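The structure appears below as structure tokens.
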Ligand code: TRP
């Protein structure tokens, strides 16, 4: 079986960084027909591990993230888009797995380490937050996922998950499926920089283009983008490396975009050459980028409008698919309970064992 599981924390609307790093690939994988089951999880319970005091924010963004996923082309006929907290089996698995992981191992997880610093949790880490890599292993294994498409920041989570699977199977017998991470293909796809040139597009840095931004906003944001600070006059030679406008073009521009919007250049290499030589102004490159981005964003907006006008249908779908996900995870929990020998009321063996012990004693 080829089974995909991946997910997003609903802490904000999804942006172009998510699109390049995961959403675009997600839809390609969905449409490849190579997978037997595809689960996309809205990780509200994980989002609460560092937003315990903000349940309203998470609730609001569950719907936003659902609409974002549908608007990039996620197909309710092919993919199970579900809400994490609606699958209680995940909590149960997580509880059993916590016995197989040490506190020191969690504290060594590089992603958790960075996040603890970012959130100022150094002196007092919520248990739930420290625990989230284990909870994520529960998410993955509950669905027997073989493939987990994620960004490189999630690799430490997949490593910990692999350790848990290995340990569980060694202690209780072959039960859990070993997952594999699937990373974004391209260099630019690994991580889209922020509008300000910062390494990452991120809501907290306020340097994002959101999938639901209207055209005027995209325009304004691109026009304000970071380029080469030494490229002051059009005649000056410019640098392409580390220039966010060109990194975005790397991620989005196609041959067809040049034919339609900038026929004076054959391709991106020709445009970069001109920029490096001097004589090519930032505004011209930015105008091209706006056209390129709009070409991607307009179909996304159109699909979003479609689903926004059918909200009752969206909610019914989320509820039904959360049920589907719950049934699948429940099967795994039954397997896990049997492996751990805590399936007392299944079959008659619990009674049998008791009877054997007590009849032996009486003799
Ligand atoms: N930690 C992931 C993120 O921040 C979200 C997530 C939760 C996830 N559970 C998962 C991703 C399981 C992949 C598999 O984006």
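Brief remarks follow.
- Inter-part distance where the stretch 216-230 and the stretch 293-355 are each reduced to a Cα centre, Å: 42 Å
- When only Cα pairs below 8 angstrom with a gap of at least 6 residues are kept, the chain shows a relative contact order of 21 percent.
- Sorted ascending by nearby beta carbons within 10 Å, beginning with the fewest, 116, 4 become 116, 4.
- Estimated from helical segments only, the mean residue ellipticity of the chain at 222 nm is -17000 deg cm²/dmol, where each DSSP H run of four or more residues counts as -39500 (n - 2.57).
- Among 95, 345, 121, residue whose mean-square fluctuation peaks in a GNM of the chain (springs only between Cα atoms under 10 Å): 345
- GNM result for the chain, Cα springs below 10 Å: residue of 279, 197, 128 fluctuating most strongly: 279
- With 10 Å bins from 0: P(r) over the chain, alpha-carbon pairs, percent: 5, 21, 28, 22, 13, 6, 2, 1, 1, 0, 0
- The chain: most fluctuating residue of 126, 156, 193 per GNM, C-alpha cutoff 10 Å: 126
- Exposure proxy order (Cβ contacts within 10 Å, fewest to most) of 50, 153: 153, 50
- Contact order relative to length of the stretch 215-307, as percent, for alpha carbon pairs under 8 angstrom and 6 or more apart: 34 percent
- For the chain, the longest principal axis of the alpha carbon atoms and the long axis of helix 155-172 meet at an angle near 20°.
- Residues 22, 202, 124, arranged from fewest to most other Cβ atoms within 10 angstrom of their Cβ, appear as 124, 202, 22.
No value in this document is a laboratory result; all are computed from the given coordinates. Fair warning: this is a prediction, and the values are worked out from it, not measured in the lab. Heads up, the Cβs are rebuilt from the backbone with ideal geometry, glycines too, and the neighbour counts pull from every protein chain shown.
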